[in-house]
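For reference, the structure discussed in these notes is given below.
The values are calculated or read from the model by the stated rules, or taken from the named source; none is laboratory data. Everything numeric here is computed off the predicted structure, so don't read it as measured data. As a convention, Cβ positions derive from the backbone with ideal geometry for all residues, glycine included, and neighbour counts pool all protein chains shown.
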């Protein structure tokens, strides 16, 4: 059953000790004020220079533990976030990714090591978030073997099962009003525009009662394989997302060539 009225989950990506301190700090009061239980997608061993936005925060891991105790769900966000593989992803949104196209044994080793790092910092990662939406069937198999059964991705409007995992859909990169369905809003603190920082508090005030958490969703719904109509919706939504990414890449190439 598609949730009605719409329900929302907030997700923050690219979290690591070098996340932009000033930008990340602007979101924390909103999480506390509206008692949100977001997904926190944490990079275990960041080696992506683009995510080195601030000097390492010595309190980062303490903060993650405190937020998890407050109801946030910790996600394993890849391993080191170096998106150097050009293998085909199940969603096909980006040319490069960290995991898609890599052999299963290597993927499983990365996932195992990533989980160990996060657990070593006192966290309990329970859900997978792929850098750049990049994962394949080998990823799903490796996740199952490492005991991870939840994945935050996909373009349906309901939680569903596929490949032996439960998918919590993630479709939005900014607040958008929806009439029905489950919608995850993914925010990248490092690159969050000032307009988003202005819009998000307004959206939260208006829709505060509609914000939920992964655990609550799993309590209230029984994810199953998508039915025919929702599979069609998912395919169309994914096609629109792919087309949007193509347009953005073309605009980026034109701006750099100019």
- Please find, within region 102-129, the residue that is nearest to residue 80 (Cα to Cα) out of those that are touching a helix residue (DSSP H, G or I) at 6+ places or on another chain (Cβ under 7 Å) and touching a residue at least 40 places away in the same chain (Cβ under 8 Å). 128
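Suppose we filter 182, 151, 137, 197 for residues that are at pLDDT 95 or above and closer than 30 Å to residue 56 by Cα; which single one remains?
Within the list 182, 151, 137, 197, the selection yields 151.
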- Task: With respect to residue 24, determine if the residue is farther than 27 Å from residue 161 by Cα, at pLDDT 95 or above and in contact with a helix residue (DSSP H, G or I) (Cβ under 6 Å, 6 or more places away or on another chain).
- Result: yes
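Scan region 37-56 for residues that are touching a helix residue (DSSP H, G or I) at 6+ places or on another chain (Cβ under 7 Å) and either crowded, with 19+ Cβ neighbours inside 10 Å or on the phi > 0 side of the Ramachandran plot (or both) and jot them down. Talk me through it step by step, then tell me what you get.
The initial filter retains those residues of region 37-56 that are touching a helix residue (DSSP H, G or I) at 6+ places or on another chain (Cβ under 7 Å), namely 38-40, 42-45, 51, 53-54.
Hits for region 37-56 are 38, 39, 40, 42, 43, 44, 51.
Is region 220-237 home to any residue that is crowded, with 19+ Cβ neighbours inside 10 Å and either within 19 Å of residue 91 (Cα to Cα) or modelled with pLDDT of 90 or more (or both)? Talk me through it step by step, then tell me what you get.
The initial filter retains those residues of region 220-237 that are crowded, with 19+ Cβ neighbours inside 10 Å, namely 226, 234.
Now narrow it down to the ones that are either within 19 Å of residue 91 (Cα to Cα) or modelled with pLDDT of 90 or more (or both): 226, 234.
For region 220-237, residues crowded, with 19+ Cβ neighbours inside 10 Å and either within 19 Å of residue 91 (Cα to Cα) or modelled with pLDDT of 90 or more (or both): present.
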- Task: Kindly indicate whether residue 185 is surrounded by 15 or more Cβ atoms within 10 Å (Cβ to Cβ) and assigned to a strand (DSSP E or B).
- Result: yes
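Could you pull out the residue among 65, 82, 119 that is within 18 Å of the chain's Cα centre (by Cα) and surrounded by fewer than 22 Cβ atoms within 10 Å (Cβ to Cβ)? Write out each step before concluding.
Numbers: 65 fails: within 18 Å of the chain's Cα centre (by Cα); 119 fails: within 18 Å of the chain's Cα centre (by Cα).
Going through 65, 82, 119 in turn, the sole match is 82.
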- Checking residue 139 against (1) under 18 Å from residue 214 (Cβ atoms); (2) buried (at least 22 other Cβ atoms within 10 Å of the Cβ), the condition it does not meet: (1)
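Looking at the structure I just gave you, is residue 119 assigned to a helix (DSSP H, G or I), at pLDDT below 95 and within 28 Å of residue 37 (Cβ to Cβ)? I'd like the intermediate steps shown before the answer.
On the way: assigned to a helix (DSSP H, G or I): yes; at pLDDT below 95: no; within 28 Å of residue 37 (Cβ to Cβ): yes.
When the stated conditions are applied, residue 119 does not pass them.
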- Message: Here is a check on your reading of the model: is residue 74 free of Cβ contacts under 8 Å to residues at least 60 places away in the same chain, touching a strand residue (DSSP E or B) at 6+ places or on another chain (Cβ under 8 Å) and not in a loop (DSSP other than H, G, I, E, B)?
- Response: yes
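Please state which one of 53, 41 is under 25 Å from residue 97 (Cβ atoms) and within 18 Å of the chain's Cα centre (by Cα). If you could, list the steps in order and put the result at the bottom.
Values: 53 fails: within 18 Å of the chain's Cα centre (by Cα).
When all the criteria are applied, what remains is 41.
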- Note on the structure: When restricted to 216, 132, the only residue at pLDDT 95 or above and either loosely packed, with under 14 Cβ neighbours inside 10 Å or assigned to a helix (DSSP H, G or I) (or both) is 216
- Of the residues that make up region 93-112, is at least one part of a helix (DSSP H, G or I), crowded, with 22+ Cβ neighbours inside 10 Å, in contact with a strand residue (DSSP E or B) (Cβ under 8 Å, 6 or more places away or on another chain) and on the phi < 0 side of the Ramachandran plot? yes
